[in-house]
Amino acid sequence: LGEMDRWYRQAGICFVAGSLTDRGGDTPWEPAAYRCAILFGPHFGNYTDSYAALTDAGAAIAVDAANLGKTMARLAGDPAQAHRLGAAARAVLDQRAGDPAVLIQRLRDLARDGA
């Protein structure tokens, strides 16, 4: 618990392993927050629109067990491309998250009403 922050910060390239088996997938937004190039497998049913947005923006690459290693090696050998994917992933996250002011104000209202 609490370790992933350290790993995402250092990784640069992230394979979302929960997408290799048919269990709904895992969120891409944590690695996106750390500007990781995102690789994901064929099973991501709980995050279909998220992976579509990332793929459309050139921020994520779909892989399978057969080409994961080759794709990972290609990105590791081309840090500029991995950086571009990671920057694009963060841009999609920022765009989808929107302005936090609305959420902050709502939390303030809730805190005031609960006091």
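The values are calculated or read from the model by the stated rules, or taken from the named source; none is laboratory data. Remember, predicted model here, so these are calculated numbers, not experimental data. All Cβ positions, glycine included, derive from the backbone under ideal geometry; neighbour counts span all protein chains shown. With ligands, DNA and RNA removed, areas are computed over all heavy atoms of the protein, side chains included. Shrake-Rupley method; radii C 1.70, N 1.55, O 1.52, S 1.80 Å.
Looking across the range 62-115, the residues that are among the acidic types (D, E), outside any helix (DSSP H, G or I) and either modelled with pLDDT under 95 or touching a Pro at 6+ places or on another chain (Cβ under 7 Å) (or both) come down to D64, D99. If you go through the range 72-113 and keep only what is touching a Lys or Arg at 6+ places or on another chain (Cβ under 7 Å) and small (G, A, S), you end up with G86, A87, A89.
Screening the range 1-61 for helices (runs of 4 or more DSSP H) wholly inside it with 3 or more residues that are open to solvent by less than 50 Å² (accessible area, probe 1.4 Å) returns the ranges 29-33, 48-56. In the range 56-76, the residues that are over 15 Å from L20 (Cβ atoms) and touching a residue at least 60 places away in the same chain (Cβ under 8 Å) reach residues that are among the aliphatic types (A, V, I, L, M) and surrounded by 17 or more Cβ atoms within 10 Å (Cβ to Cβ) with C-beta atoms within less than 7 angstrom, at least six apart or across chains, in these pairs: L75/I13; L75/A37; L75/A82; A76/I13.
Restricting the range 75-115 to residues that are open to solvent by 60 Å² or more (accessible area, probe 1.4 Å) and in contact with a helix residue (DSSP H, G or I) (Cβ under 8 Å, 6 or more places away or on another chain), the residue that is farthest from C36 (Cα to Cα) is R96.
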